[in-house]
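The values are calculated or read from the model by the stated rules, or taken from the named source; none is laboratory data. Remember, it's a predicted structure, so these values are computed and weren't measured experimentally. Quick reminder, even Gly has a Cβ in these numbers, built from the backbone with ideal geometry, and neighbours come from all protein chains shown.
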Amino acid sequence: MALYRDEAVVLRTQKLGEADRIVTLLTRHHGRVRAVAKGVRRTSSRFGSRVEPFMHVDLQLAEGRTLDVITQVETLDAYAGRLGNDYGAYTCGTSMLESADRLVGEDGHPAAQQYLLLVGALRALADRRHPSGLILDSFLLRSLAIAGYAPSFDACARCGVAGPHRAFNPGAGGMLCSDCRLPGSANPAPDTVALLGFLLSGSWPQAEASGDRARREASGLVAAYLQWHLERGLRSLDYVDR
Ligand SMILES: [Zn+2]
């Protein structure tokens, strides 16, 4: 059996048979990988606790016919433990794992940018570097952009005329000018639109200067934009306190 090493974040796990788990990983070099962790539900397991959601690990896998098998795991960082006491940060992190699982394409296709974005966002969340909700929304916008759904918060998403514009339409790709405006578009406040731009570009000092109202409105628009581009919405986003 061919062996390979990689770094990964554990996105989710599911039970398999009596004692095993199927672990969904976002790896640095092999994209999303679903692998079997044998015997990890036994209390005697050597690495059961290292293949839980939020674990950042270095691991060795053996190529299998259908699923690869995890043969070694070393912990790089344990984000669940560092988020554990902060419910708000924890639910934001859960939404990141779920959206990474959904936005990274087929298994095995390299997704290094998504991997680095996720690790950076989890670290920022665990270090309490910025307010949790802003880290989540920035992560979602940038992850959507990497997946090919970059929203436009300045120029009109349809004709490209320079902004700022008043109408937001998820299906059209972001802000629309008065000529391109579609029925059913939202009319967010100008400071909300500015905040969305700061979150997409990672302009943290400007993003942190935003008010609560702009943050709440921006979160709603990010969620709407994400829902539009995923077939089903994110369940975990319902638990995020906005
Ligand atoms: Zn236009």
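Do you know which residues across the range 37-80 are among the β-branched types (Val, Ile, Thr) and either without any contact (Cβ under 8 Å) to a residue 24 or more places away in the chain or closer than 21 Å to Ala111 by Cβ (or both)?
Residues satisfying the conditions are Val40, Thr43, Val51, Val57, Thr66, Ile70, Val73.
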Only listed residue being surrounded by fewer than 22 Cβ atoms within 10 Å (Cβ to Cβ), at pLDDT below 95 and basic (Lys, Arg), chosen from Arg123, Arg142, Arg102, Arg158: Arg102
Kindly check whether there is at least one residue in the range 203-212 that is under 21 Å from Leu97 (Cα atoms) and touching a residue at least 40 places away in the same chain (Cβ under 8 Å). no
Considering the range 125-171 alone, what residues qualify as being closer than 24 Å to Asp238 by Cα and aliphatic (A, V, I, L, M)? Leu125, Ala126, Leu134, Ile135, Leu136, Leu140, Leu141, Leu144, Ala145, Ile146, Ala147, Ala150
Hey, Thr27 hydroxyl-bearing (Ser, Thr, Tyr) and touching a strand residue (DSSP E or B) at 6+ places or on another chain (Cβ under 9 Å) or not: yes
Any residue in the range 82-99 that is free of Cβ contacts under 8 Å to residues at least 60 places away in the same chain sitting within a Cβ distance under 6 Å of a residue that is in a helix (DSSP H, G or I) and of a type in the set (S, T, N, Q)? List the pairs, counting only those 6 or more apart or interchain. Ala89/Ser132
Can you say whether Asp191 is loosely packed, with under 14 Cβ neighbours inside 10 Å and acidic (Asp, Glu), as far as the supplied structure shows? no
What's the number of the only condition in (1) under 29 Å from Asp86 (Cα atoms); (2) within 16 Å of the ligand (Cβ to nearest atom) that Ser219 fails to meet? (2)
